[in-house]
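Chemist: Could you have a look at this structure, given as structure tokens, before my questions?
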Amino acid sequence: MNTIVQAQPLTSEAFAPFGDVISCDERSPTRINYGQTERYGPLAALDVTREMGEPVLSIYRTKPLPLPLCLGRMECHKLGSQAFFPLSNRPWAVAVAVPGEFVATQVQVFLCSGEQGVNFHAGTWHHFSLALGAKSEFLVIDRTAPAGDCEEVTLNPPIQVELPA
């Protein structure tokens, strides 16, 4: 029997144990470029340089999983953060659990607007990007290094996610 997790709205307060919410909504801008531009930032605490790591900027193109949404794996990167920001302006989901030993009953799922991104702190367990409804693109800032840094666990049974109607 699958564990069922109810997706909740993404807020900075609820997401704080896992990382940063990347959004202009909760911040005041600084005016730059002679008042023509509003700068929102810093938006996230990027952490990518441990053990010879370097920042890498990528675009991920992700197909949605079939519904009902079932999570089969979680992963973590202990040596660096990962920032995801949607480029497709569509809602998407984020599944996370606190750093340390993985505990399936602690998985939380957040529903993100198409204008909210996240930055997973190093060691935060997370599912890969969860596009909803259609293929979506994400701007990703993470770590590249000579040695890999991805630990995975298989969820058996999978975790089913209840999305709001």
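Chemist: Given the criteria loosely packed, with under 12 Cβ neighbours inside 10 Å and within 16 Å of the chain's Cα centre (by Cα), does LEU57 qualify?
Modeler: Here the answer is yes, as LEU57 does meet what is asked.
Chemist: Give me the pairs: first residue in segment 27-38 and touching a residue at least 24 places away in the same chain (Cβ under 8 Å), second residue part of a strand (DSSP E or B) and surrounded by 10 or more Cβ atoms within 10 Å (Cβ to Cβ), beta-carbon distance under 8 Å, and six or more apart or on different chains, which are they?
Modeler: Pairs found: none.
Chemist: Something else: Residues in segment 39-54 that are surrounded by fewer than 14 Cβ atoms within 10 Å (Cβ to Cβ) and without any contact (Cβ under 8 Å) to a residue 60 or more places away in the chain: how many?
Modeler: 3
Chemist: Give the residue that is farthest from LYS135 (Cα to Cα), with candidates limited to residues of segment 60-87 that are small (Gly, Ala, Ser) and within 15 Å of the chain's Cα centre (by Cα).
Modeler: GLY80
Chemist: Of all residues being over 22 Å from PRO17 (Cα atoms) and of a type in the set (D, E, K, R) in segment 60-93, which is surrounded by the most Cβ atoms within 10 Å (Cβ to Cβ)? Just the residue, please.
Modeler: Residue satisfying both the conditions and the ranking: ARG90.
Chemist: Oh, and also: Taking into account only those residues within segment 2-25 that are of a type in the set (D, E, K, R) and surrounded by fewer than 13 Cβ atoms within 10 Å (Cβ to Cβ), which is nearest to VAL140 (Cα to Cα)?
Modeler: ASP25
Chemist: Output the residues belonging to segment 150-165 that are in contact with a Cys (Cβ under 9 Å, 6 or more places away or on another chain) and not in a strand (DSSP E or B).
Modeler: CYS150
Chemist: How many residues are among the aliphatic types (A, V, I, L, M), modelled with pLDDT under 95 and buried (at least 17 other Cβ atoms within 10 Å of the Cβ) if we restrict to segment 141-154?
Modeler: The number of residues fulfilling the criteria is 0.
Chemist: Still on this structure: In this structure, is GLY100 surrounded by fewer than 17 Cβ atoms within 10 Å (Cβ to Cβ) and within 13 Å of the chain's Cα centre (by Cα)?
Modeler: No.
Chemist: Considering only segment 117-140, I want to know if a residue exists there that is surrounded by 12 or more Cβ atoms within 10 Å (Cβ to Cβ), among the charged types (D, E, K, R) and in a strand (DSSP E or B).
Modeler: yes
Chemist: Name the residues in segment 1-54 that are of a type in the set (A, V, I, L, M, F, W, C), more than 23 Å from TRP92 (Cα to Cα) and in contact with an Asp or Glu (Cβ under 7 Å, 6 or more places away or on another chain), would you?
Modeler: Result: VAL48, single match.
Chemist: From (1) under 18 Å from the mean Cα position of the chain (by Cα); (2) of a type outside the set (Lys, Arg); (3) not in a strand (DSSP E or B), pick out the condition that doesn't hold for SER28.
Modeler: Result: SER28 fails condition (1) only.
Chemist: Hey, another quick one. Taking the options LEU87, LEU130, LEU163, name whichever one is more than 16 Å from PRO9 (Cα to Cα) and either in contact with a Leu (Cβ under 8 Å, 6 or more places away or on another chain) or at pLDDT below 95 (or both).
Modeler: Result of the check over LEU87, LEU130, LEU163: LEU87.
The values are calculated or read from the model by the stated rules, or taken from the named source; none is laboratory data. On a predicted model such as this, the values are computed, not experimentally measured, just so you know. We place every Cβ from the backbone using ideal geometry, glycine too, and count neighbours over all the protein chains shown.
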